[in-house]
Amino acid sequence: MFNKKINSIDDVVQYQLCTGCGACAFVEPLRFEMDDDLDIGRRPFLKEDAVAESGKALTACPGANLTHEFDRNSKELIPELIDGWGPANNVWEGYSAIPAIRHGGSSGGAATALSVFAIEKKGFAGVLHTNANKNIPYLNETVFSRTRDDLQSTTGSRYAPASPCDGLGKIMQENGPSVFIGKPCDVAAVHKARIQNPELNEKVGLTIAFFCAGTPSTQGTLDLLKEMGIEDPTKVKSLRYRGNGWPGRWTAVYHDADDTEKMASLTYAESWGFLQKYRQWRCYICPDHTGEFADIAVGDPWYREVEPDESGKSLIVARTESGRKFVLEAEKAGYIKLEKNEASLLPKSQPNILVSRGNVWPRIIILRLLGAAIPTYTGFVFLRFWLKKLNWTEKRQSILGTIIRVFRKNLRHRIKIMRQTQTKIYRDR
């Protein structure tokens, strides 16, 4: 059979290739607005008086296609990392030199510290990123932070749907450059949007991506709250997924039936072990979990066991020359501390990434054979890692698992998505 043709954002959404980044709502604001589907994630919904789709949003969509355009022969890049990890010219282990940010961050607080440096020393207008929704703590919202205090109050990971690209208009309104922080797919969308929008290209002064293993749906968080005895999510006062220590704990503060404030908590491993089952389909065929389209990417240096009460550390990957210079300037100015500078830190810290990359190859083939929709990837290496990084048992499980998901997730057919409010349905147009 032949796979479905992707000719519009409607196709991307209904064939479950959407990453939920929000770029389409920025590029075509008269047609799309972002909202949450409990079971799937953040998605673009049609506005009441939506204009016709222009095609510009599809050009910026990372769900439909991703293309690497960097010079693979550049002497600035680390050659042994290119095929598996994309462009990288430096890999450090480091951490924020600001103690409160280091403690509050999911690992070493590097992304936040670099953002503070951008505002305080580089003249950046602010930082566009994701934070917990002020009124509904289990949801996310896109925010624009302008000060150290703003950024320090928003540390910690958010393992829930987010669409930071829908806020790119905030960056466009500023006179100076801004930082953009997001998941790898979010940063890839910004990269694509900048190509077609010169003004946006000038306004985005730096992009920072954090490593990502996939985005769980809102339903995942709601089910985890129930698992912890919190039946009514409206009683939740605050919700943290990580941070306040490395790697930090999943912590929900809520009021019980007697209006007494209580707290429920899980380790990072326990909470992610539960939530990862709720990841959206597009994450299973994602080629980029480490921010290959960013200036700087950050993650956890999991190459060793983390000692109890150990202060957090970050893996910091400079992917562009401007990103490398920015990191070194931040170190010189005293905002971050850099320790090890070793290319091997990346594969040692994230060994499962190459398995995930290899798995993309058979999954795309199976989707095509069974008549499901597939994204287009250019400039990525998959087959080599499928052959070398997976044993026969893993290969068999990957193939069978993909076949099962095609039918279980109804990947061969269009789906409808429903708003968080459960009042509007995304309809075929």
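The values are calculated or read from the model by the stated rules, or taken from the named source; none is laboratory data. As the structure is a prediction and not an experimental result, all values here were calculated from the model. Because the Cβ atoms are built from the backbone with ideal geometry, glycine has one as well, and the counts that use them run over all protein chains shown. Accessible surface is based on the protein model in full, side chains and every heavy atom, while ligands, DNA and RNA are left aside. Shrake-Rupley method; radii C 1.70, N 1.55, O 1.52, S 1.80 Å.
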If we keep only residues of region 163-189 that are part of a loop (DSSP other than H, G, I, E, B) and charged (D, E, K, R), then the residue nearest to GLY126 (Cα to Cα) is GLU174
Among the residues of region 192-210, is any touching a His at 6+ places or on another chain (Cβ under 6 Å) and buried (at least 20 other Cβ atoms within 10 Å of the Cβ)? no
Cβ-Cβ below 7 Å, separation at least six or inter-chain, first residue in region 147-167 and basic (Lys, Arg) and at pLDDT 95 or above, second open to solvent by 10 Å² or more (accessible area, probe 1.4 Å) and part of a helix (DSSP H, G or I): which pairs? ARG148/GLU120
Any idea which of (1) within 22 Å of THR218 (Cβ to Cβ); (2) among the charged types (D, E, K, R); (3) open to solvent by 20 Å² or more (accessible area, probe 1.4 Å) is the one LYS4 doesn't satisfy? (1)
Count, please, the residues in region 112-126 that happen to be under 14 Å from ALA330 (Cβ atoms), open to solvent by less than 30 Å² (accessible area, probe 1.4 Å) and outside any helix (DSSP H, G or I). 1
From PHE26, PHE70, residue being open to solvent by 30 Å² or more (accessible area, probe 1.4 Å), under 20 Å from the mean Cα position of the chain (by Cα), of a type in the set (Phe, Trp, Tyr) and over 30 Å from LYS277 (Cβ atoms): PHE26
Subset of region 83-111 [closer than 23 Å to GLU292 by Cβ and surrounded by fewer than 19 Cβ atoms within 10 Å (Cβ to Cβ)]: ASP83, ASN89
Checking THR59 against (1) open to solvent by less than 70 Å² (accessible area, probe 1.4 Å); (2) more than 18 Å from GLN14 (Cβ to Cβ); (3) of a type outside the set (Phe, Trp, Tyr); (4) in a helix (DSSP H, G or I), which test does it fail? (1)
For region 190-230, name all the residues that are in a helix (DSSP H, G or I), over 29 Å from ALA330 (Cβ atoms) and either touching a residue at least 60 places away in the same chain (Cβ under 8 Å) or among the small types (Gly, Ala, Ser) (or both). GLN196, THR218, GLN219, GLY220, THR221, LEU222, LEU225
Of all residues in region 285-338, how many are surrounded by 24 or more Cβ atoms within 10 Å (Cβ to Cβ), assigned to a helix (DSSP H, G or I) and not hydrophobic (A, V, I, L, M, F, W, C)? 1
